[in-house]
Structures are given as C-alpha cells and as structure tokens.
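Before any comments, here is the structure.
Each reported figure results from applying straightforward, stated rules to the coordinates on display, with no laboratory input. Nothing here was measured: the structure is a model prediction, and the numbers come from that model. Ideal geometry is used to build each Cβ from the backbone, glycine not excepted, and the neighbour counts take in all protein chains shown.
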Amino acid sequence: MQLQSFGAALTVTGSMHLLTVGERQILIDCGLFQGNDDLEARNREPFPFDVPGLEAVILTHAHLDHVGRLPLLVKLGFRGPVYCTAPTAGLAETVLLDSARLQVDGYRHDLRRARRQGVPDEQVPPPLYEEEDVHRALALLRPHLEFGETTRVAGLKVTPERAGHILGSAYLLIESPEGRLIMSGDLGNRESGLQLDFTPPPHADAVVIETTYANRTHRPWPATLAEFRDALRDSVRQGGKILIPSFAIERTQTILHTIKSLMDAGEVPRIPVFLDSPMAARATHEYFEFGDELIPEVRDALQAGEDPFRPSTLHVVPTSAESQRINRYDGPAIILAGNGMMTGGRIQHHLKHHLWKPSTSLISVSYQSPSSLGGRIVTGADHVRIMGEEIAVKAHVHTIGGFSAHADQDDLLAFLSTTGTPHVWLVHGEPDVMAAFLPVLDARGLKGDLMPDRQAVNLTGPGFPQGLPPGFDAAPTRGAQAEAGE
Ligand SMILES: [Zn+2]
C-alpha cells in the first residue's frame, strides 16, 4: 500500500493523494492549488499518473482545494466514479461552477491585457476548464457515502465518518489486506459554532492527518464570540464600512448565524448586513437541506421553519451592479463578501473603496495564507496592491482566529487519541507548523513524519501487521461501481 501526495504535501493547498494497492489506484481528493502564482502554476502541471487507469476518486469535502482539479481530471480522460457524501456533491457543484466561471473570466481579462501589450493570444494560458467540463465531472459524482457505512471501492473497504469541518465533510477509514489507513481530509474545530464534532476514529496502522493549525490552540468559542461582538461594536463606533471577507461555504453561514444571534440578543446594533456573494447564498440552501448535520440550536431552528442564517437586516446582493452600489451607501454597514483570503471575488472592490479610510474596519475571520493579499493585510502591510492599484491600509484590522473550521492542536491530539499507535503522516500544513508538531506527537509515543511532496511513501511499513487486519474479509472483486452495488 503506497501513497503519493501531489498536493497538500509541505503546503496547505491542492490536496490530492494517490493510493496504490497492488495494481489498483484511487485518488483521494483532487484539489486546486490556491494562494500565489507559484502554487497556482502547479495546477497546470500534468497529472503524474495514468489518469484513465485510475479506478475511482473519493472526495472528503467540497472545498476548492480538495475538489477543484476534478474537472481537469475528467477533461484528461478520467471516467470512473467519484464518491462523496450527498452534501459534498451539492456543495461541489456550486464550488466547481464558480471556479470555472472565475477561470474563464480570468482568461478573458488576461487576453484583453495581452492584446493591449501586443502579446499574441496563444501566449495567454487558457482556462484550466470551463463550465461544460464541470458538468461532465458532476455527472461522475456518486453521492452515496454515508457516515459509518462501508462502501467497496477498488477492492478496498472505505468507511467515511463525520469530520466536523464543513457540511458533508468526512474522514476516511480505508481497509486493505495490507492494513488500515485513515485519511483525515480536513478535520473540524470542535467549537465551530455550526458543525457537530468529528466522530472519534478507530485504531489504524497509519493516519494521514491535516495540520493547518497543529501549532496553536483556538480560543474557546465563548471567547471568540465575545471577541467578534467587541470587534463589531468597535467597528460600528468607527462609523464606516465593516468588511468581513468570508469563504462562501461554512464560514459565511457561521458568521451570518452569529451576527443574527448577537443582534437578536441586543448585543450588536441592527445595522444593515449585505451578503455580497451569490455563491454563499446558493451554498446556504444546502445547509437547509442537510440541517440534521448541524449543532442542535441550528438544527432545531431549521426544523421549526426558521432561518438561522438571516439577520433581520440582511440584504442579499445578487448582481455586481448592486454590489458597486453598496459603496455609495452612507453609514455603517456590514459587508460579507468572498473570498476569505481576499485573493479574488467581490471583496476586492470593497477593499479598494474602503481599505484606505480610517473609519473602515476589516474583520478577518478566515485563515490567511502568509503570501495572500489577506495575509499581507493582517500582518500589517501599510500598502497593498489591489486590482492593479496601490492602496493604503488605514482601516482598523481585527483578526479573529477562533472561527476556524480546522482542528487546532488539541483537536488533532484528541483525534489521534483513539487511533492506537499509528504511523502519523502530516499533510495540509506549512512545513514549520508540521515540524513543530512532531515533538508533540513524539511526547505521546507517536511516530510522525512530514509527507514528502510527490514521493511515494510505503504505508506497508513496519507499523503494519502481517496478514489481514481484524474484520477484513479479503477477496476483492474488480470494478468499483459493481462493488458499490450499482
Ligand atoms: Zn477544507
């Protein structure tokens, strides 16, 4: 049993792991690299494996850095099944269509610029994929994975369990004759304000675990709530716009629910809230459909026919013309727009219009990659380049880390506390963060290693028992679809 990581190895983006057992290969996640030009250039590298020979893909969740290269994989000849949970399928559709649109828009923009510079059209890289490629990829989705139920995929037993990260997110227990492997996907913050906790995992021989926040501890939820409330009150006093860059999935719903709760409790004035993200508005429909997965407070509100994601002052902004008009609205207002790292989307024009004003407040509630625009702003840059223009940063910047949808160090250790003594492979983290986590694992008697980039790792190492793992009844049959009972 071998694993090769072609993304999220020594970095936090582009998750893609190729699992080889004997002659058979499956891919776990097929994410897009995001963050800066160097990383994004990797999206254009050819897939370093036989794409048509791949038997199946399993998606752990619908974030773009876990699903964003799927249409490309299909464009290059993959025709097998793509397994995921039902909410992941719904969210993946929204995420991938948005991704295709961004790429086509980006291409048209680059083309116009190239022409003005006298550069031939052929030198402008085409979009990675377009809407029709997304539809072909969506047609391969098999949204049959249910938490706690085992599915046969390419001769392996795959059991997804609740990861508590975003709606529909799963980690995978993968059992083969060569051992038991857990692929964590992204794991949730156990105090997320929206998601139920991850299910404690069973014993495994190897665990591939995300480490986004393996070097820190999030604030407890009540402290985060108080910090957010204070930042909002402070910002209202500044009198200007309150920009909250937010990812369309999960973070936006958490923030909307939190703002609604604070306003309903009279803790924050009822100022207008603009949701300037059609994608977030679409994604919220999935939260209605799969409300059973959410914390009791939200689930019960949904069952009672209420809308836990709608503060009474909410305006959903459908068109970009209306988005531009918000800038002419006088007085304090909260503007929620994507994307969370501020690297694109409608938040950019709000930043351009407001970041230079001392009355503006920027409340960062998302992970900021150090090299992203958001990363530069929250670490104190006094000028940043936005849409081709140098903009002074005069706004009050609040960084609230506790909204993270990712596990912190305590969460990761809690996750590993029920897995026995597996070999722990670290992925989806900055290298210094992962390096700092190794001695923490060591102190708990766990052998950890950083997953190398692209290099195959033999999971059938000394940590694996000989023969079949307990409960494994061998004789895999061929054909993943047949195995899933289709
Ligand atoms: Zn994620």
antiparallel share of DSSP beta bridges within the chain, to nearest 5, in %, is 45 percent
For Arg233 and Trp221, extending 7 Å from Cα along the Cα-Cβ vector and measuring point to point gives, in nm, a value of 2.2 nm
Label model pair Arg79, Glu23: point-to-point distance (7 angstrom along the Cα→beta-carbon line) in nm is 1.9 nm
Excluding residues fewer than 8 positions from Lys241 in its own chain, the lysines with Cα under 23 Å of it are Lys260, Lys352, Lys357, Lys394
1/(1 + (r/R0)^6) with r = Cβ-Cβ of Arg108 and Glu267, R0 = 45 Å, i.e. FRET efficiency to nearest 0.05, evaluates to 0.50
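With r as the distance between the Cβ atoms of Asp38 and Asp121 and R0 = 22 Å, compute the FRET efficiency 1/(1 + (r/R0)^6) and round to 0.05. Can you show the working numbers first?
Values: r = 25 Å, r/R0 = 1.11.
After rounding to 0.05, the efficiency reads 0.35.
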In vacuo Debye sum over C-alpha of segment 112-199, base-10 log of normalised intensity I(q)/I(0) at q = 0.13, 0.15, 0.24 Å⁻¹, listed in q order, is -0.65, -0.74, -1.13
Checking segment 106-190 for chymotrypsin sites (Phe, Trp or Tyr not before Pro) in a loop per DSSP with at most 16 other beta-carbon atoms within 10 Å yields Phe147
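Rounded, prolate or oblate: which fits segment 13-106, taking a ≥ b ≥ c as square roots of the Cα gyration tensor eigenvalues, rounded meaning a/c under 1.5, else prolate when a/b beats b/c? It would help to have the intermediate numbers written out before the result.
Working: a/c = 1.79, a/b = 1.28, b/c = 1.40.
Since a/c reaches 1.5 but b/c is at least a/b, the shape of segment 13-106 is classed as oblate.
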Diffing segment 179-192: the Karplus 3J(HN,Hα) column from phi (6.51, -1.76, 1.60, θ = phi - 60°), in whole Hz with x for Gly and Pro, holds x, 10, 10, 10, 9, 6, x, 9, 9, x, 6, 6, 10, 8
Going fewest to most other Cβ atoms within 10 Å around each Cβ, Trp425, Trp356 line up as Trp356, Trp425
Check: C-alpha center segment 339-379 vs C-alpha center segment 31-86, spacing in Å is 28 Å
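Please report, largest first and rounded to whole Å, the three semi-axes of the ellipsoid equivalent to the chain, where each semi-axis is the square root of five times an eigenvalue of the C-alpha gyration tensor. Don't jump to the answer; show the numbers that get you there.
Numbers: eigenvalues 276, 136, 91 Å².
Largest first, the chain gives 37, 26, 21 Å.
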Using alpha carbon centers only, segment 222-278 is separated from segment 410-448 by a whole-angstrom value of 34 Å
One finds the C-alpha centres of segment 95-171 and segment 1-22 to be spaced, in Å, by 17 Å
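Taking loop as defined by DSSP and a crowding limit of 16 other beta carbons within 10 Å, which trypsin sites (Lys or Arg not before Pro) in segment 427-456 fit? It would help to have the intermediate numbers written out before the result.
Details: sites: Arg444, Lys447, Arg454; in loops: Arg444, Arg454.
The qualifying sites are Arg444, Arg454.
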Toy charge model, Lys and Arg Cβ at +1, Asp and Glu Cβ at -1: segment 121-222 dipole around Cα centroid in debye, rounded to 20, equals 620 debye
The Cα radius of gyration of segment 221-403, divided by 2.2 N^0.38 Å with N its residue count, comes to 0.98
Sparse-neighbourhood loop hits (trypsin sites (Lys or Arg not before Pro), segment 8-98; DSSP loop; Cβ within 10 Å at most 14 others) -> Arg79
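Tell me what the chain gives for mean residue ellipticity at 222 nm when only DSSP H runs of n ≥ 4 count, each as -39,500 (n - 2.57), the sum divided by the residue total, rounded to 500 deg cm²/dmol. Let's see the in-between values first.
Working: 15 runs with 152 residues, N = 486.
Computed mean residue ellipticity for the chain: -9000 deg cm²/dmol.
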For 200-208, 318-326, 226-234, ranked highest to lowest by mean beta-carbon neighbours within 10 Å, the order is 200-208, 226-234, 318-326
